[in-house]
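Taking it in order: structure first as structure tokens, then the write-up.
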Amino acid sequence: DLHSSIETPDKVKADAPVYIGKEEDIKQSQRITASVHDREVVVFYHEGKFYAMDRRCYHAGGPLYLGEIEDINGQPCIICPWHKYKITLATGEGLYQAINPTEPSATPKWRSKGIKQRTHKVTVDNGSVYVTPSDLSISCDSDYYADKYKKTGSSDM
Ligand code: FES
């Protein structure tokens, strides 16, 4: 049972799943923003699957929850509304189109810059959707904006 009656320090419970909303509601709205242990995340429902990631784009903090979802190379991606960066929903990889200057006529290929946006685990239990934050000890580019836009304990430093 995750719901202990004893308040434990943040460090201990920081990786506990957090209730986000009802499965049916999120399926209908297709996206929802939520706070998971003071971290702003967005949950998407796209073609039968749930995805969760940091809500602010790793590039410059753009609002990913306002972006369009597009399929790129068979991978659903969120397109950041600010500068159109493409981020895979499943893994948080930044995609870019590689052009080989020695073959100017060749079709540009999509390549991965690696994991840039932190994704989180979504679980559905009995009609309820939960998000479990990923391992914060492994840093990710989107952490900068996640910290900057943190709901509580904010500081302008
Ligand atoms: Fe997302 Fe620039 S802030 S692409």
Open item on the list: When you scan region 36-55, do you find a residue that is within 15 Å of S142 (Cβ to Cβ), under 14 Å from the mean Cα position of the chain (by Cα) and not in a strand (DSSP E or B), even just one?
Closed with: yes
Open item on the list: Looking at region 39-47, can you tell me whether even one residue there is free of Cβ contacts under 8 Å to residues at least 24 places away in the same chain, more than 13 Å from the ligand (Cβ to nearest atom) and over 22 Å from P133 (Cβ atoms)?
Closed with: no
Task: Residue list for region 57-101, filter: part of a loop (DSSP other than H, G, I, E, B), more than 8 Å from the ligand (Cβ to nearest atom), of a type outside the set (S, T, N, Q) and farther than 20 Å from Y45 by Cα - done: I99, P101
Task: E93 being buried (at least 18 other Cβ atoms within 10 Å of the Cβ), among the acidic types (D, E), touching a Gly at 6+ places or on another chain (Cβ under 7 Å) and modelled with pLDDT of 95 or more - done: yes
- [ ] Quickly run through region 97-131 and pick out the residues that are within 23 Å of the chain's Cα centre (by Cα), among the β-branched types (V, I, T) and either farther than 19 Å from G48 by Cα or exposed (fewer than 11 other Cβ atoms within 10 Å of the Cβ) (or both).
- [x] I115
TODO: Go through the residues of region 3-14 one by one and say whether even a single one is under 17 Å from D143 (Cα atoms) and modelled with pLDDT of 95 or more.
DONE: no
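The values are calculated or read from the model by the stated rules, or taken from the named source; none is laboratory data. This one's a predicted model, so the numbers in the text were calculated from it and none came from an experiment. In this analysis, Cβ positions are derived from the backbone assuming ideal geometry, glycine residues included, and neighbour counts consider all displayed protein chains.
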